[in-house]
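Read the structure below first, then the notes.
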Amino acid sequence: MDKIATKRLLLRPLKNDDALDVFEYAKLENVGPDAGWTPHKSLEESKRVLEWMIGTNEVYAIYHQEDEKVIGTIGLHKKDYPMHQAEIGYVLHPLYWNRGYMTEAVTALITYVFEETDITLLHCAHFNDNERSQRVINKSGFNKVKEELKTITLHGFSITKQSVKYELPKSNYERKMLPWQQH
């Protein structure tokens with residue numbers, strides 16, 4: 001995994017040393033359920049989940065350069081998709097919500113993916129009631145494709161909710177059709 005730097009953030013591979021930062025937001029009641037998982041009950045649980053994420057080699061730490069801490073994660077998940085496709089998934093500490101950090105991370109990952117990999121179609125989704133995630137997805141230039149009832153089972157937790165799915169073809173990026181490419 002390459003490191004991806006932005007003005008305020010560094011997207012980098014996760015490390016075991018990130019466990020305390022991850023637990024700080026993963027334990028909160030208003031974080032995990034929006035992403036399809038239960039709040040972490042202990043630092044040990046965060047360590048186990050972190051080891052799993054490291055093992056997938058698909059999840060970046062979102063490292064806040066000024067605060068010198070991990071404030072979230074962003075993943076590029078390929079296993080459930082055909083060749084040349086992947087899904088972006090993310091989570092962010094609530095203290096950093098509504099400041100443009102996640103849009104900054106998502107657009108940096110989009111640029112990296114379309115410039116440095118053979119992926120030609122990105123997917124993204126959010127639960128119907130997650131307006132913050134919807135705003136990030138819209139600002140990033142994804143196109144809504146459908147709504148569906150989705151069940152996610154992760155680390156022993158299962159949730160079924162209405163989900164909204166989006167896609168972003170590489171051609172839209174290449175033709176500079178994305179909102180963040182307009183200025």
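The values are calculated or read from the model by the stated rules, or taken from the named source; none is laboratory data. Quick caveat: nothing in here was measured; it's all calculated off a predicted structure. Cβ coordinates were reconstructed from backbone atoms using ideal geometry, including for glycine residues, and neighbour counts include every protein chain displayed.
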I need the full set of residues from the range 117-133 which are in contact with a helix residue (DSSP H, G or I) (Cβ under 6 Å, 6 or more places away or on another chain) and either over 21 Å from Gln85 (Cα atoms) or outside any loop (DSSP other than H, G, I, E, B) (or both), in order please. Cys124, His126, Asn130
Of (1) under 13 Å from Val164 (Cα atoms); (2) of a type outside the set (S, T, N, Q); (3) more than 14 Å from the chain's Cα centre (by Cα), His126 fails just (3)
Inspect the range 112-135 for any residue being touching a Leu at 6+ places or on another chain (Cβ under 6 Å), of a type outside the set (A, V, I, L, M) and at pLDDT 95 or above and give the result as yes or no. no
Looking only at the range 82-96, which residues are free of Cβ contacts under 8 Å to residues at least 40 places away in the same chain and surrounded by 14 or more Cβ atoms within 10 Å (Cβ to Cβ)? Gln85, Ala86, Glu87, Ile88, Tyr96
Restricted to the range 1-25, and to residues that are touching a residue at least 40 places away in the same chain (Cβ under 8 Å) and surrounded by 20 or more Cβ atoms within 10 Å (Cβ to Cβ), which residue is nearest to the chain's Cα centre (by Cα)? Leu11
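Tell me, which helices (runs of 4 or more DSSP H) wholly within the range 10-76 include 2 or more residues that are of a type in the set (A, V, I, L, M, F, W, C)? Show your work before the answer.
On the way: elements: 19-26, 32-35, 43-56.
Here the list reads 19-26, 43-56.
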Every listed condition ((1) of a type outside the set (S, T, N, Q); (2) touching a Leu at 6+ places or on another chain (Cβ under 9 Å); (3) closer than 12 Å to Leu168 by Cβ) holds for Val106 save (2)
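Restricting attention to the range 106-116, does a residue exist that is of a type in the set (D, E, K, R), crowded, with 17+ Cβ neighbours inside 10 Å, in contact (Cβ under 8 Å) with a residue 40 or more places away in the chain and assigned to a helix (DSSP H, G or I)? Show your work before the answer.
Residues of the range 106-116 of a type in the set (D, E, K, R): 115-116.
Then keep just the ones that are crowded, with 17+ Cβ neighbours inside 10 Å; that gives none.
No, the range 106-116 contains no residue that is of a type in the set (D, E, K, R), crowded, with 17+ Cβ neighbours inside 10 Å, in contact (Cβ under 8 Å) with a residue 40 or more places away in the chain and assigned to a helix (DSSP H, G or I).
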Of the residues Glu45, Glu51, Glu58, Glu131, only one is crowded, with 16+ Cβ neighbours inside 10 Å and more than 21 Å from Ala5 (Cβ to Cβ); which? Glu45
Which of the residues spanning the range 134-183 are in a strand (DSSP E or B), surrounded by 12 or more Cβ atoms within 10 Å (Cβ to Cβ) and basic (Lys, Arg)? Lys144, Lys150, Lys161, Lys165
Criterion first (among the basic types (Lys, Arg), surrounded by fewer than 18 Cβ atoms within 10 Å (Cβ to Cβ) and in a loop (DSSP other than H, G, I, E, B)) does Lys79 satisfy it? yes
Enumeration of residues in the range 27-60 that are under 14 Å from the mean Cα position of the chain (by Cα) and within 20 Å of Arg99 (Cα to Cα): Val31, Gly32, Asp34, Ala35, Tyr60
Return the residues of the range 136-172 that are modelled with pLDDT under 90 and among the charged types (D, E, K, R); say none if nothing qualifies. Lys150, Lys161
